[in-house]
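Let me give you the structure first, and then I'll get to my questions.
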Amino acid sequence: MNLTPGKILGWLAGAALVAAFLVGMAQLAIGPAAGAWSATAAGPLGVRDVLFYVLAALTVAGAGGVAFARNILHSAIGLLMALLGAGALYVLLSADFLAVTQLLVYIGGVLVLVLFAVMLTSRIGEVNVSNASVGVVGGLLLLAAVAPVLVAVALLTPWRLIAPGPAVATTAALGDAFLTRWLLPFEVASMVLLATLVGAIVIARKEIKAD
Amino acid sequence: MQISLPHFLVVGALLFGLGLVTVVTRRNAVGVLMGVELILNGANVNFAAFSHYVTGGLTGQIFALFVIVLAAAEAAVGLAIVLAIFQTFKTIDVRRADLMRE
């Protein structure tokens, strides 16, 4: 295994991301008991702020890797970084169950599925054919047209904010909500998953000629 | 400036923009699906942020959970279609899958 600077940078970024995720989970676990966190938040740059900026930077860097990497496997690694960072951001938003679901479903399920598809369909050695993209200039123009509008809306709109309450575990309340108010969408989602299961098998299997 | 709603919205907007660029520029079908996942994640970050900072309660998180469920279903079916395309055309370049054009 030859270490290029890019690889070393990638490993460092991954390690920093995992560490930040663990710190975020620890913050949620000790949440209300730790007055130190809210005390530091009043300062110019608290621990929570630093955590947010690190996680946001890694998320956006991963998304950039997905968009612009030349190798499809590097795109998959960028997707891993983006998904991990988004999951850690959920922890900062005191959505603990959502963060764990992100970890289990996206990283444990979807990303593995994507990697399987990469392995099954492309000849990995041929970097140039494996992930060619067209119109990078057009894509950048599109990004320059869309992103500033959204960012301006986010920054200029006078949002009516509420004071966020203390971080509490959401799992029990989510379970209650799914089985009372959101029961019908919940059942429809289970039917969708069943249809997906059958449909994916029917589409992806090889035709076996019976003759 | 303390971390608040706009910071998370900016992250969501950047995720959406980069996902859009991925969907538009990639010729590899798996790459296109990755872009869709990025777009859905940007929406999810927005849902969770609004739920925490504006509405309170759990409704935004429930929406985000449904989005995750549908994204998983979309990935499974999408990648199955990609495999079927690969078996038929021996490539997953989305420009070459043009059997119905002629």
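The values are calculated or read from the model by the stated rules, or taken from the named source; none is laboratory data. None of these values were measured; they are calculated from a predicted model. Glycine gets a Cβ as well: all are built from the backbone with ideal geometry, and neighbour counts include every protein chain shown.
Only one residue in B:Val45, B:Val30 is touching a Phe, Trp or Tyr at 6+ places or on another chain (Cβ under 9 Å) and at the interface with another protein chain (Cβ under 7 Å from one of its Cβ atoms), so which one is that?
B:Val45
Hey, can you tell me all the residues within the stretch A:64-75 that are over 18 Å from B:Gly17 (Cα atoms) and free of Cβ contacts under 8 Å to residues at least 60 places away in the same chain?
A:Ile72, A:Leu73, A:His74, listed by residue number.
Return only the number of the condition from (1) crowded, with 19+ Cβ neighbours inside 10 Å; (2) under 26 Å from A:Ile77 (Cβ atoms) that B:Ile62 does not satisfy.
Going through the list (1) crowded, with 19+ Cβ neighbours inside 10 Å; (2) under 26 Å from A:Ile77 (Cβ atoms), B:Ile62 breaks only (2).
For the structure I just gave you, tell me whether A:Ala117 is out of contact with any helix residue (DSSP H, G or I) (no Cβ under 9 Å at 6 or more places or on another chain), at pLDDT below 90 and in a helix (DSSP H, G or I).
So A:Ala117 does not fit the description; no.
Condition test on B:Ile92, is it in contact (Cβ under 8 Å) with a residue 40 or more places away in the chain, at the interface with another protein chain (Cβ under 7 Å from one of its Cβ atoms) and among the β-branched types (Val, Ile, Thr)?
When the stated conditions are applied, B:Ile92 passes them.
With surrounded by 19 or more Cβ atoms within 10 Å (Cβ to Cβ), touching a residue at least 12 places away in the same chain (Cβ under 8 Å) and at negative phi as the only criterion, which of B:Val36, B:Val82, B:Val67, B:Val54 stands out?
B:Val82
Counting only residues that are more than 18 Å from B:Ala75 (Cβ to Cβ) and small (Gly, Ala, Ser), which one in the stretch B:1-33 is farthest from the chain's Cα centre (by Cα)?
B:Ser4
Follow-up. Could you list, in sequence order, the residues of the stretch A:177-211 that are of a type outside the set (A, V, I, L, M), surrounded by 11 or more Cβ atoms within 10 Å (Cβ to Cβ) and more than 14 Å from B:Leu65 (Cα to Cα)?
A:Arg181, A:Thr196, A:Gly199, A:Arg205
Here's another thing I want to ask about it. Between a residue in the stretch A:161-187 that is facing chain B (nearest Cβ under 7 Å) and any residue that is exposed (fewer than 13 other Cβ atoms within 10 Å of the Cβ), which pairs come within a Cβ distance under 8 Å, given they are 6 or more apart or on different chains?
Close Cβ pairs satisfying both conditions: A:Ile162/B:Thr55.
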